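Take a look at the structure below.
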Number of protein chains: 4
Amino acid sequence: MLIEFSIVPIGTSSSLSARVAEVLDIVDSSGLPYMLTPMGTIVEGEWNDLMRLVRECHRKMMKNEERVLTSILIDDRKGKTGRMDRKIRSVEKRLGRSLKK
Amino acid sequence: MLIEFSIVPIGTSSSLSARVAEVLDIVDSSGLPYMLTPMGTIVEGEWNDLMRLVRECHRKMMKNEERVLTSILIDDRKGKTGRMDRKIRSVEKRLGRSLKK
Amino acid sequence: MLIEFSIVPIGTSSSLSARVAEVLDIVDSSGLPYMLTPMGTIVEGEWNDLMRLVRECHRKMMKNEERVLTSILIDDRKGKTGRMDRKIRSVEKRLGRSLKK
Amino acid sequence: MLIEFSIVPIGTSSSLSARVAEVLDIVDSSGLPYMLTPMGTIVEGEWNDLMRLVRECHRKMMKNEERVLTSILIDDRKGKTGRMDRKIRSVEKRLGRSLKK
């Protein structure tokens with residue numbers, strides 16, 4: 001199962017990059033494969049591990065903020081793992097070329 | 001905490017309204033306050049209850065489908081409950097009029 | 001075509017309900033059918049009208065804020081209109097009961 | 001302005017990677033800076049160029065499908081460009097280390 005999530009504090013002027021760094025430290029400690037994109041964090045794993053991770057990140061943010069918006073998008077496909085790399089390679093194969101990094 | 005979630009099967013021609021009805025039955029059994037909109041389902045509760053509910057709905061959908069996309073948007077605000085009604089009333093008050101239903 | 005959109009200022013302590021009221025005034029002036037939910041605004045129409053509307057709302061918000069996150073979810077189905085009501089009635093029919101309002 | 005978008009056909013069994021490849025060809029032709037992630041496509045540009053691009057991708061998908069869900073997340077920040085790289089570098093600087101690719 002792949003998820004992309006993002007956590008945004010509302011009504012604060014604190015730096016978002018500082019907050020994202022705190023969250024990334026938690027994600028990194030989880031040991032799950034992940035990727036930071038300019039719009040969110042993508043992590044691969046099983047439901048319970050992933051949701052425990054997002055809950056921990058969300059709570060970390062709530063400690064310092066009055067209001068937080070967290071979005072989670074889940075892409076679940078039976079019997080498939082290693083999809084973080086595979087999904088992009090599968091598109092590259094169709095295109096017959098590598099995508100810019 | 002308010003969430004809006006939606007669960008969509010990919011690669012199937014089954015009726016979405018039948019699938020949504022199955023999910024709504026699960027949401028209704030939870031006893032949590034909820035609202036079906038044309039674009040998703042909004043439920044109010046605590047993190048663990050809400051995520052247990054979404055997991056149950058997601059798994060119900062995965063039983064019959066190969067691939068499922070589930071999106072969850074969480075709006076969490078310290079010390080606030082009963083926000084399903086209050087958020088709209090608060091906007092109506094600012095507008096000085098009721099909104100169309 | 002149905003869309004749900006939401007517009008959130010980042011790094012501000014201004015009241016969200018005041019901001020949402022400004023946006024709702026713009027949506028109301030468009031003449032398009034719409035519905036405010038506790039998590040966003042749902043509007044029905046054609047691509048160009050809807051995107052012009054969201055752009056106007058987004059720009060209104062940007063006038064007073066440094067940074068804005070706007071999300072848009074589009075549900076487009078060939079040859080179907082009047083879906084704002086119909087999608088819910090279709091689920092109610094499957095359930096064999098009306099949903100709580 | 002940065003956007004992340006994804007376009008998903010509902011009620012079809014066609015390969016998603018083939019569909020994504022068609023959309024990526026359109027994005028590539030636009031000349032705008034972009035990045036394919038395992039969960040969507042991130043593009044940087046101005047509102048009108050970006051929305052014209054997403055509309056073209058959405059319409060390409062609608063040609064072959066009955067129903068399509070398109071999601072767009074917009075992150076707009078006054079006076080900032082080149083944010084596709086900068087947002088990640090800014091987090092890396094806070095973390096004091098490079099992120100895995």
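What follows is calculated from the coordinates using simple rules that are stated; it is not laboratory data. Small disclaimer: the values here were computed from a predicted structure and weren't measured. For neighbour counting, all protein chains shown are included, and Cβ atoms are generated from backbone atoms with ideal geometry for every residue, glycine included.
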* When you look at the Cβ of every residue in C:34-46, what mean number of other chain Cβ atoms sits within 10 Å? -> 5
* **Pseudo-label separations to other copies for residue B:78 - Cα-to-Cβ vector, 7 Å, nm** => 2.7, 4.6, 5.3
* Angle between the Cα long axis of helix A:16-29 and the longest principal axis of chain A, 0 to 90 degrees, nearest 10? -> 60 degrees
* Just check the protein assembly as shown against the gyration tensor rule for me: Cα atoms, a ≥ b ≥ c as the square roots of the eigenvalues, rounded for a/c under 1.5, and otherwise prolate or oblate depending on whether a/b exceeds b/c. => rounded
* Asked: With a ≥ b ≥ c the root eigenvalues of the C-alpha gyration tensor of chain D, is it rounded (a/c under 1.5), prolate (a/b larger than b/c) or oblate?
  -> prolate
* Show that you can apply the helix-only estimate: for chain D, add -39,500 (n - 2.57) for every DSSP H stretch of four or more residues, divide by all residues, and state [θ] at 222 nm to the nearest 500. => -14500 deg cm²/dmol
* Structure fact -> Which of C:39, C:51, C:84 fluctuates most in a GNM of chain C (C-alpha springs under 10 Å)? That residue is C:39
* Across the identical copies, how the residue C:26 labels are spaced - nm, sorted shortest first, 7 Å along Cα→Cβ -> 2.4, 3.2, 3.7
* Structure fact -> Computed over chain C: longest principal axis from alpha-carbon atoms vs helix C:83-95 long axis, angle to nearest 10 degrees, is 50 degrees
* With unit charges on the beta carbon (Lys/Arg positive, Asp/Glu negative), name the residue among C:71, C:26, C:16 whose Cα is farthest towards the positive pole of the charge dipole of chain C. => C:71
* Along Cα-to-Cβ, 7 Å out, sits the label point; list in nm, shortest first, how far the one on residue B:89 is from those in the other copies. => 3.0, 5.0, 5.6
* Shielding by partners, peptide C:19-26 (average Cβ within 10 angstrom, other chains) -> 3
* For the rotation that superimposes chain D on chain A, which residue of D has the C-beta lying nearest to the axis, and at what distance in Å? -> D:37, 2
* Note, ³J(HN,Hα) from phi for segment B:34-43, Karplus 6.51, -1.76, 1.60, rounded to Hz, x at Gly and Pro -> 8, 8, 8, 10, x, 10, x, 10, 10, 9
* Two-site label geometry, residue D:80 and residue D:55: point separation in nm, points 7 Å out along Cα→Cβ -> 2.8 nm
* In whole Å, how far is the Cα centre of segment B:25-81 from that of segment D:29-101? -> 27 Å
